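Accompanying notes for the structure given below.
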Amino acid sequence: MADIVTFGEAMIRLSPPQFRRLEQISSLDVHVGGAELNTAVALAQLGRASAWVSCLTDNPLGRLIRNRAREAGVETRHVAWTNEHRVGLYFVEFGAAPRASSVVYDRKDSAIAMVQPGTFDWAEIFRGARWFHVTGITPALSPQAAVVTREAVEAARTAGLRVSIDLNYRQKLWTTAEAGRCLRPLLSFCDVLITTEEDAEKVLGVTAPDHEGLAQCLVRELSVDTVAITVRDNPLVWRNRWTALACRRDQVYRACSYEVEIVDRLGAGDSFAAGLIDGLLDDDLARGMETGVALSALKHSIPGDFAWVSRSEVESLRRGGNLRISR
């Protein structure tokens, strides 16, 4: 039985090796990724019992996604299968300064985008669980996906679960106005909001002189228990500084910062969400913030969307770590 349930799309990720453009490819590296599945995987790697809910096409690509989730320790028994729709794809071009990395989506009419209200027995799915996590990507997929997301957060609140929402605005899926109209009502069911300064302004229209003020403003305006803001300083495509802060009621917590040499930044924010949830499951915001930032910093060093990172590796980094070969 899972402590944490996540809900959302996972796709096949295809990327040209060695910084090639898509026009140059003769081969592609294959990974599986999706925000909510990435978070479930990171929690499983920390030793938490996590489950991922989605719709998948009953073909080899859908089974590939299911198999990768299981391999990472995530429960998938509540996935709904269909023969009618497709598996989404996305292509990642990795850049180097001055060319930024970029993503091309091929996900229209995917199985989860075509999900229908009533597909999932949320009361059964949430039985025995303590936490539900979803992002703003899932309701952006289609009007019906937005309805099912609303079903999920309402059922989670009814079942007594704590609910976290990562805004995760994606401009290739919907406009800022559409995102704001959909997500603001969902936040009334939310205990923990995860966002960036940019997404808070675009989606919620909330600004402040600094990150601390923004977090406090969001707590007051949205009446959520906790707001966490991730902060990335990226002077170079492959070298960033990464940190986060959180506000709970009137208390602000700033996590330590890490210099990261980036192998693959996709999934880093989802890993932060996992670490934060891990701490908050024990009502320890400080530990959640430090675990989240350390876990996501380590994720930057790993190819693919999944954070193959153990709790002991997180704790080692938090203690200071070093870059000598471990042997």
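Filtering the range 221-249 to residues that are farther than 15 Å from residue 268 by Cα, touching an Asp or Glu at 6+ places or on another chain (Cβ under 8 Å) and hydrophobic (A, V, I, L, M, F, W, C) leaves 224, 245, 247.
Annotation: of all residues in the range 90-105 being of a type in the set (A, V, I, L, M, F, W, C) and part of a strand (DSSP E or B), the one that is farthest from residue 304 (Cα to Cα) is 104. One residue is enough: does the range 74-87 have a residue meeting the conditions farther than 13 Å from residue 52 by Cα, in contact (Cβ under 8 Å) with a residue 40 or more places away in the chain and not basic (Lys, Arg)? Checked against the condition, which is being farther than 13 Å from residue 52 by Cα, in contact (Cβ under 8 Å) with a residue 40 or more places away in the chain and not basic (Lys, Arg), the range 74-87 yields at least one hit. Candidates 297, 228, 244: the one that is touching a Ser or Thr at 6+ places or on another chain (Cβ under 7 Å) and surrounded by 19 or more Cβ atoms within 10 Å (Cβ to Cβ) is 244.
Checking each residue in the range 120-147 for being within 25 Å of residue 169 (Cα to Cα), part of a helix (DSSP H, G or I) and touching a residue at least 40 places away in the same chain (Cβ under 8 Å) picks out 137, 138, 139, 140.
From the set of residues in the range 163-190 that are surrounded by fewer than 18 Cβ atoms within 10 Å (Cβ to Cβ), part of a loop (DSSP other than H, G, I, E, B) and not basic (Lys, Arg), which is modelled with the lowest pLDDT? In this case the residue turns out to be 171.
When residues in the range 278-287 are screened for being in a helix (DSSP H, G or I) and touching a residue at least 24 places away in the same chain (Cβ under 8 Å), 4 of them pass.
The residues of the range 255-274 that are over 11 Å from the mean Cα position of the chain (by Cα) and within 17 Å of residue 168 (Cβ to Cβ) amount to a single one, 265. The conditions of being surrounded by fewer than 19 Cβ atoms within 10 Å (Cβ to Cβ), closer than 30 Å to residue 188 by Cα, modelled with pLDDT of 95 or more and in contact with a strand residue (DSSP E or B) (Cβ under 8 Å, 6 or more places away or on another chain) are not met by residue 86. Restricting attention to the range 227-244, the residues that are under 17 Å from the mean Cα position of the chain (by Cα) and without any contact (Cβ under 8 Å) to a residue 60 or more places away in the chain add up to 7. Among the residues that make up the range 191-200, is at least one of them within 15 Å of the chain's Cα centre (by Cα), outside any loop (DSSP other than H, G, I, E, B) and more than 26 Å from residue 31 (Cβ to Cβ)? So far as the range 191-200 goes, yes, one or more of its residues are within 15 Å of the chain's Cα centre (by Cα), outside any loop (DSSP other than H, G, I, E, B) and more than 26 Å from residue 31 (Cβ to Cβ). Against the criterion of being in a helix (DSSP H, G or I), of a type outside the set (S, T, N, Q), surrounded by fewer than 17 Cβ atoms within 10 Å (Cβ to Cβ) and on the phi < 0 side of the Ramachandran plot, residue 259 does not qualify. Quick check: anything in the range 45-57 over 23 Å from residue 127 (Cα atoms) and either modelled with pLDDT of 95 or more or of a type in the set (Gly, Ala, Ser) (or both)? Checking the range 45-57: at least one residue is over 23 Å from residue 127 (Cα atoms) and either modelled with pLDDT of 95 or more or of a type in the set (Gly, Ala, Ser) (or both). Just to be sure before I move on: is residue 2 in contact (Cβ under 8 Å) with a residue 12 or more places away in the chain, more than 28 Å from residue 99 (Cα to Cα) and either part of a helix (DSSP H, G or I) or among the charged types (D, E, K, R) (or both) in the structure I sent? For residue 2, the condition - in contact (Cβ under 8 Å) with a residue 12 or more places away in the chain, more than 28 Å from residue 99 (Cα to Cα) and either part of a helix (DSSP H, G or I) or among the charged types (D, E, K, R) (or both) - is not met.
Being farther than 17 Å from residue 78 by Cα and in a strand (DSSP E or B) is the filter here, so list the residues in the range 31-63 that pass it. Those that are farther than 17 Å from residue 78 by Cα and in a strand (DSSP E or B): 31, 32, 33.
Would you check if there is a residue in the range 39-62 being among the acidic types (Asp, Glu), closer than 22 Å to residue 272 by Cα and in contact (Cβ under 8 Å) with a residue 12 or more places away in the chain? No, the range 39-62 has no match at all.
The values are calculated or read from the model by the stated rules, or taken from the named source; none is laboratory data. Being a predicted model, the structure only gives us computed values, none of them experimental. For neighbour counting, all protein chains shown are included, and Cβ atoms are generated from backbone atoms with ideal geometry for every residue, glycine included.
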